[in-house]
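Student: Pasting in a structure now, in structure tokens, and then I'll have a few things to ask.
Since every read-out is calculated from the coordinates, none of them should be taken as a lab result. Remember, it's a predicted structure, so these values are computed and weren't measured experimentally. Ideal geometry is used to build each Cβ from the backbone, glycine not excepted, and the neighbour counts take in all protein chains shown.
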Amino acid sequence: MSLALVRHYGKRCNNFSVISKSYSTLFKDAKSAEFVAAAGSVDSIPKLHGLPEVIVTGRANSGKSTLFNTVLGRKALLHTSKKAGRTRELNFFRVGAEPGKLILVDAPGYGARGRPEWGEMFDKYIETRKELRRVYILFNGKHSLNNFDIQMLSHLSRSLLSERGTQPFTLQSVITKADCIPADKISSVITKMRKDIWQAAPLCLPPIVTSAEMSPPFGIDEVRRNIAEACGLLRDGR
């Protein structure tokens with residue numbers, strides 16, 4: 001589709017403005033991001049060093065690894081594969097020069113290719129992880145939300161408020177592969193996806209529209225700024 005159209009409409013959805021890039025130092029040195037731990041079961045979820053954490057989830061074909069490799073400025077830090085569903089553990093990555101500024105957690109995909117034990121591990125993590133600041137849920141722009149997506153949004157929405165009425169973490173939606181949406185449908189597709197997300201999870205933050213395959217990639221700075229904001233790492237509130 002027209003890349004110019006993606007950028008034009010995506011900027012409207014992402015509410016782009018002239019913003020400070022103080023957050024960019026987090027991602028300036030790609031070599032400073034590195035794998036630190038993996039958990040294949042509830043009992044093996046690691047205790048790290050108290051850094052703020054964000055976790056990424058999505059259906060098996062949502063493009064999690066491709067997008068966040070781009071966000072981190074790496075080609076293969078997070079494992080990518082043409083075969084969906086290759087992530088089978090919670091993988092923890094430190095971002096920022098040692099000792100690091102934050103931890104990004106890559107979760108196994110949910111949906112038809114998901115496994116009950118992956119869901120149990122994910123739920124245990126979000127229920128007990130005091131360092132968790134934001135959950136990122138990704139949706140492939142080539143496909144509308146399906147029942148698995150709606151169920152996951154509803155599930156996460158119920159977790160956003162504790163029994164004491166506090167909000168332990170926030171939820172951010174991301175639309176990936178925007179370049180794959182037909183040019184004549186981009187407005188209607190993204191509008192419908194925004195509506196479906198809001199109906200399933202009213203407290204979910206409006207989606208950031210992205211494409212990791214465009215040249216240059218689109219929406220990446222917005223995701224980076226969003227992560228920094230979630231982790232309290234923006235200077236001067238910008």
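Student: How much FRET efficiency would the formula 1/(1 + (r/R0)^6) give for Ser215 and Arg88, where r is the Cβ-Cβ distance and R0 is 30 Å, rounded to 0.05?
Tutor: 0.45
Student: Sticking with this one: Using r as the Cβ-Cβ distance of Arg158 and Lys75, and R0 as 41 Å, what FRET efficiency do you calculate, to the nearest 0.05?
Tutor: E between Arg158 and Lys75, to the nearest 0.05, is 0.65.
Student: Let's test the formula: R0 of 35 Å, r as the Cβ-Cβ distance of Thr25 and Thr166. What FRET efficiency results, to the nearest 0.05?
Tutor: Values: r = 31 Å, r/R0 = 0.89.
It comes out at approximately 0.65.
Student: Regarding the range 111-214, what whole-number volume in Å³ per residue does the convex hull of its Cα atoms give?
Tutor: Looking at the range 111-214, the number lands at 111 Å³ per residue.
Student: Dividing the alpha-carbon radius of gyration of the range 155-238 by 2.2 N^0.38 Å (N being the number of residues), what value is obtained?
Tutor: Relative to the rule-of-thumb radius for its length, the range 155-238 sits at 1.27.
Student: 7 Å from Cα along Cα→Cβ at both Ser188 and Leu205: what's the point-to-point distance in nm?
Tutor: Result for the modelled spin labels: 3.1 nm.
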